[in-house]
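Structure first, commentary second.
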Amino acid sequence: MSLQKGTRYSSGWRGFLQPTDRPLPLSLYPSRLQAGMAAIEARECETEGCSSEAKLQCPTCIKLGIQGSYFCSQECFKGSWATHKQMHKKAKDDKNQDEAKNCVENDTNTDPWPGYRYTGKLRPHYPLTPMRHVPGDIERPDYADHPLGNATPLRPPPVAFKF
């Protein structure tokens, strides 16, 4: 049996779909409409001097989680952009301050890969333990004093002969 577009199906014996000609009960329609109407509120444009019904919302405010910022048209949005973008800046600053509070204080190197774009909220924390002091009477290897940690070779490099 293939499903046909425009045909209503009901769950029949053992869960198989069967076509049905019965329409939805009329008692369902008013409740659905009332529920939909309650969800839609009349909003007013936030541009000064405009009291039109707002149908558009700022996309940056949606991304930043700022409530409100509804406008009636693109022209009203452009007209109030100079004052509206200050809300974006304030929200970003507040978000950065909240993230700064989550950082470990008095720690110089907490991110081993600066510039890497992490996808989630989990971040590495380095150094894991504070660096320990090695007493002077313990002999240090030769690579301990090299800035890159390279060891000095035990034998000189081979000499290349030119003929």
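What follows is calculated from the coordinates using simple rules that are stated; it is not laboratory data. This structure is a prediction, so every number in the text was calculated from the model and none was measured.
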- Task: Subtract the Cα-Cα distance of residue 118 and residue 62 from 0.36 nm times their separation in residues, and report this length gain in nm to one decimal.
- Result: 18.0 nm
- Task: Compute the relative contact order of the stretch 42-98 as a whole-number percentage, counting only Cα pairs closer than 8 Å that sit 6 or more residues apart in sequence.
- Result: 32 percent
- Message: Let's test this: bin the Cα-Cα distances of the stretch 42-98 at 5 Å from zero up to the farthest pair and state each bin's percent.
- Response: 4, 20, 30, 23, 12, 7, 4, 0
- Task: Pull up all non-local amide H partners of residue 57: gap of 5 or more, or a different chain, and H-to-H distance under 5 Å with H placed in the peptide plane.
- Result: 71
